[in-house]
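Here is the structure we will look at.
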Amino acid sequence: MTRTEGSGSGADLAAAREIAAAVPDPELPMVTVADLGILRDVAAEDGRLVVTITPTYSGCPALREIAHDLRRRLGQAGFAEVTVRTALAPAWSSDWITAAGRRKLRAAGIAPPRPGPANQSPARGGPVPLTLTASRREPVACPRCGSRDTTQTAAFAATACKALFRCETCREPFEHVKEI
Amino acid sequence: MTEDEFAAYQSLSEETEDHRWAFGTGFTDPLEGIDASVPDGVDAVALATYCLMLGDDALIYSHRLQQWMTRLPELEEETALANIALDLLGQARMLLARAGRAEAPRRPDGSGRDEDELAFFRDEHEFRNVRLVEALDADFAELTGRLLIFSSWRLALFSRLTDSADPVLAAIAAKGVKELTYHRDYAAQWVIRLGDGTPLSHGKMQAALDAVWPLVDELFEADSVTAALSGVAADPAALRGEVGAVLDAVFDAATLDHPGAAPMARVAGKSGRDGVHTEAFGYLLAELQSVARAHPGATW
């Protein structure tokens, strides 16, 4: 089966969108690239399928794996000609993680991000926060027991997008997707 | 581990191909699919050199941070600095790729150098990084002090570049701003903890800042490349006030004296931006480039 001729048709494009949206993130495989807001667009251009993705962090090594996975899964579904494009602007924000994505992260024991610092970014006219004293931010809720009595143990974790926390109520450590 | 979680990790190994998780060299172009044409009225050669300057700052500093791996006091600092080094390496890759695209039409064969050629096959005098990023940190205090200064300066610089007339540079900067905000905060918290800590940690933190300070002035010096890129590049001198205010706030919270060491002299009027580097840089570059030069074209 090849869909190269007809990949401009609405039905094929809808099928391609569905396949692309279901590609798991290689580092957070419980969520898809659509859940994370990494998948920007699926479109047909001159009979070719063009998928646009965006990196979360500049050095994120997962982007290459995602591009490969997109080509492979779409190829298996009959889309022979697939171009994967990178879009840098606007820069990815943790605010783009969907409600479904947040639910899946929490179910896997990873605290989803709080609202992002969009209004504090210098690009939007405000000062960049610098923590000189104890933070007064909204607490991160424990994804296991829901307690808001949690402590950050490290600002960075096993991947660029996460920080490490500990719940003071159930005493379990957990990861938290950072706000950017 | 619940069944769902197990299934999620299981999906990683399904239909595994050889190149999955294979990281090394020979990556695909980090700017693949991005319109990298140089806007009308922008000096393409100056833009390429400017991207090399900012890319080299990140590449070389990332390498120095990577050299700290396995030597840090706690596992949490290992992951923090590995992530910071990775962010900077990502910024370097995009900036070097941007430089290669911008220079392409001006080269004899019409094709620009790729990120590997620029990182591994240029010689010492062709690198444009500031000298601040070249030295091996003497201790953890010096690491945090240098990181605070570097990330405060780069954050101020990238904040301005989000309005650059080159849309590719503006997009790279907008991503970097988010990352550098975390880097600066991490470094500031350590400088405060060490400075406002015991007499021993306070003394070491003060000595570290005094040791790094001679290389700070260079960050704010004008250069001919930046001067030729009005509306594209950010004037280094204009960053001095903002960076100084941030550093003063951290030094005050850390009960540290503002360092007053005199700037390191330029060499015959030249410094890092002109390709004139410190002795430490030659050793660093030899290590960084050794594998790629011993096995040209190899991927691993």
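Quick notes on this one:
- Residue that is farthest from the other protein chains (Cβ to nearest Cβ) [pool: residues in region B:96-136 that are closer than 30 Å to residue B:208 by Cα and in a helix (DSSP H, G or I)]: B:125
- Among the residues making up region A:167-179, those that are within 12 Å of chain B (Cβ to nearest Cβ) and in contact with a Pro (Cβ under 7 Å, 6 or more places away or on another chain) are A:178, A:179.
- Residues that are at pLDDT 95 or above and under 21 Å from the mean Cα position of the chain (by Cα), drawn from region B:247-271: B:247
- For region B:142-174, a residue qualifies if it is closer than 18 Å to residue A:55 by Cβ and out of contact with any helix residue (DSSP H, G or I) (no Cβ under 8 Å at 6 or more places or on another chain), and the qualifying residues are B:167, B:171.
- The criterion of at least 1 residues that are under 18 Å from residue A:95 (Cβ atoms) and not aliphatic (A, V, I, L, M) is met by the following strands (runs of 3 or more DSSP E) wholly inside region A:135-180: A:162-167, A:173-177.
- Check on residue B:187, within 13 Å of chain A (Cβ to nearest Cβ), crowded, with 20+ Cβ neighbours inside 10 Å, modelled with pLDDT of 95 or more and not in a loop (DSSP other than H, G, I, E, B): yes
- For region A:13-24, a residue qualifies if it is more than 10 Å from every other protein chain (Cβ to nearest Cβ) and in contact with a strand residue (DSSP E or B) (Cβ under 8 Å, 6 or more places away or on another chain), and the qualifying residues are A:13, A:16, A:17, A:20, A:21, A:22, A:23.
- Members of region A:46-68 that are farther than 28 Å from residue B:58 by Cβ and either within 10 Å of chain B (Cβ to nearest Cβ) or buried (at least 22 other Cβ atoms within 10 Å of the Cβ) (or both): A:49, A:50, A:51
- Answer residue from region B:220-277, given it is polar (S, T, N, Q) and closer than 22 Å to residue B:152 by Cα and is surrounded by the fewest Cβ atoms within 10 Å (Cβ to Cβ) among those: B:255
- Members of region B:99-115 found to be touching a Pro at 6+ places or on another chain (Cβ under 9 Å) and either without any contact (Cβ under 8 Å) to a residue 12 or more places away in the chain or of a type in the set (D, E, K, R) (or both), listed by number: B:115
- Residue within region B:138-145 that is in contact (Cβ under 8 Å) with a residue 12 or more places away in the chain, under 20 Å from residue B:158 (Cβ atoms) and part of a helix (DSSP H, G or I) present: no
- Filter result (assigned to a helix (DSSP H, G or I), over 21 Å from residue B:271 (Cα atoms) and touching a residue at least 60 places away in the same chain (Cβ under 8 Å)) within region B:216-244: B:242
- For region B:245-286, residues that are part of a helix (DSSP H, G or I), free of Cβ contacts under 8 Å to residues at least 40 places away in the same chain, under 19 Å from residue B:131 (Cβ atoms) and of a type outside the set (Phe, Trp, Tyr) total 2.
- Residue within region A:18-37 that is touching a residue at least 60 places away in the same chain (Cβ under 8 Å), of a type in the set (D, E, K, R) and either out of contact with any His (no Cβ under 7 Å at 6 or more places or on another chain) or over 17 Å from residue A:113 (Cα atoms) (or both) present: yes
- Among the candidates A:85, A:73, A:102, A:40, residue that is of a type outside the set (Gly, Ala, Ser), surrounded by fewer than 20 Cβ atoms within 10 Å (Cβ to Cβ) and more than 12 Å from chain B (Cβ to nearest Cβ): A:102
The values are calculated or read from the model by the stated rules, or taken from the named source; none is laboratory data. These figures come from a predicted structure and were not determined experimentally. Ideal geometry is used to build each Cβ from the backbone, glycine not excepted, and the neighbour counts take in all protein chains shown.
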